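Chemist: Have a look at the structure that comes next, please.
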Ligand SMILES: Cc1cc2nc3c(=O)[nH]c(=O)nc-3n(C[C@H](O)[C@H](O)[C@H](O)COP(=O)(O)O)c2cc1C
């Protein structure tokens, strides 16, 4: 029977309306980025990785900002990292109380700051601890637990495959997400979809796939090629929530400039709500290039806009700078933008 990305499925008893998922993205995947993915059709969104220690010790910003869940983003999965089962159990309990539907454990992060604590990809070295951490999250929260992991630490090493088998056999995980690159590759290089397909076939739990899904075609091919239960969009979704709509079949056309600028304004509003004007203004500087890239225009125009946005003293100025990029008819109500002359205004959709 042929499967479709739009088919509903269940993960540990949680019904997920389709098979297109927002991947965990550190420093990015907060409630409003997840909500944005949901607004555009994602069936599930996973949070940025959150330290189980920070939750356990009650770090205020972690517990208020990183555990904030919007009522419209369910089902939502919160990703935790950590290597101490007791700490994980307590943190998982707090995450359940915050309203998460699923907990994902990070066993793939290659960053030394995380690995040197024994967490992230370092857990691939210690299958017994990996299982104990997953069990603790499950028992501590009562929620379904998934694990996102790599296939190994470095080329030629299949430790991730061993850990995947042990986790699946332990009965502690409702599913696994495979990023079929070695941790030493970080996020570069071709994902090994053949290895992922073998895991999909061999493991007794649903296997999701992440890696290299930059466009709708690449995502559909990986879904077909691996037989994965669902796909996780990561870098391909940055500044491009329309990729979710394309994959769930609710739209095909690329967004117009007006739609892009409207979306940027939604992101700015949400970031200000999330962290206040001053911090949002700085935080959003990493978001702007993703949207600028989609606006079209010449490289020179994009560079001018980029430089101006990086220096914008507040988010009102940032909105103004994006507004200049709107088609001429949108400026009819705002002649000050038409008069600014900063950029040549193009009217075609991009
Ligand atoms: C900026 C950035 C942050 C990431 N943060 C996390 C994270 O917090 N947890 C995690 O499991 N993976 C994280 N990843 C890995 C992604 O979830 C994904 O597996 C990876 O980018 C491969 O997908 P892609 O090639 O489609 O981007 C991150 C990747 C990037 C680029």
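Derivation of every value follows stated rules applied to the coordinates shown; laboratory data play no part. Fair warning: this is a prediction, and the values are worked out from it, not measured in the lab. Reconstructed Cβ throughout: ideal geometry from the backbone, glycine too, with neighbour counts over all protein chains shown.
Chemist: Relative contact order for segment 257-338: what is it in percent, counting Cα pairs under 8 Å that are at least 6 residues apart?
Modeler: Across segment 257-338, relative contact order equals 33 percent.
Chemist: Find how many whole Å separate the alpha carbon centroid of segment 127-183 from the alpha carbon centroid of segment 10-35.
Modeler: Result: 18 Å between the Cα centres.
Chemist: Using a Gaussian network for the chain with springs between C-alpha atoms less than 10 Å apart, which of these wobbles most: 39, 299, 251?
Modeler: The residue with the greatest mean-square fluctuation here is 299.
Chemist: If packing is taken as the average number of other Cβ atoms within 10 Å across a peptide's residues, how do 52-65, 231-244 rank, most packed first?
Modeler: Working: 52-65: 16.6, 231-244: 22.9.
Answer by packing, highest mean first, reads 231-244, 52-65.
Chemist: Let me ask another. Restricting the count to DSSP beta bridges whose residues both fall in the chain, what percent are antiparallel, rounded to a multiple of 5?
Modeler: Roughly 10 percent of the DSSP beta bridges within the chain come out antiparallel.
Chemist: Could you work out the relative contact order of the chain, using alpha carbon pairs under 8 angstrom and six or more residues apart, expressed as a whole percent?
Modeler: 12 percent
Chemist: Rounded to the nearest 500 deg cm²/dmol, what is the calculated helix-only ellipticity per residue at 222 nm for the chain, with -39500 (n - 2.57) per DSSP H run of length n ≥ 4?
Modeler: Computed mean residue ellipticity for the chain: -12500 deg cm²/dmol.
Chemist: A further question follows. Give me the distance in nm between label points sitting 7 Å out from Cα along the Cα-to-Cβ direction at residue 293 and residue 117, one decimal.
Modeler: 2.9 nm
Chemist: Testing the spin-label approximation: label points 7 Å from Cα along Cα→Cβ at residue 202 and residue 303. State their distance in nm.
Modeler: 5.0 nm
Chemist: Okay, next question. Would you mind pulling out the separation of the Cα centroids of segment 49-78 and segment 226-243, in Å?
Modeler: 22 Å
Chemist: List the relative contact order of segment 103-261 as a percent without decimals, with contacts defined as Cα pairs under 8 Å and 6+ residues apart.
Modeler: Result for segment 103-261 is 16 percent.
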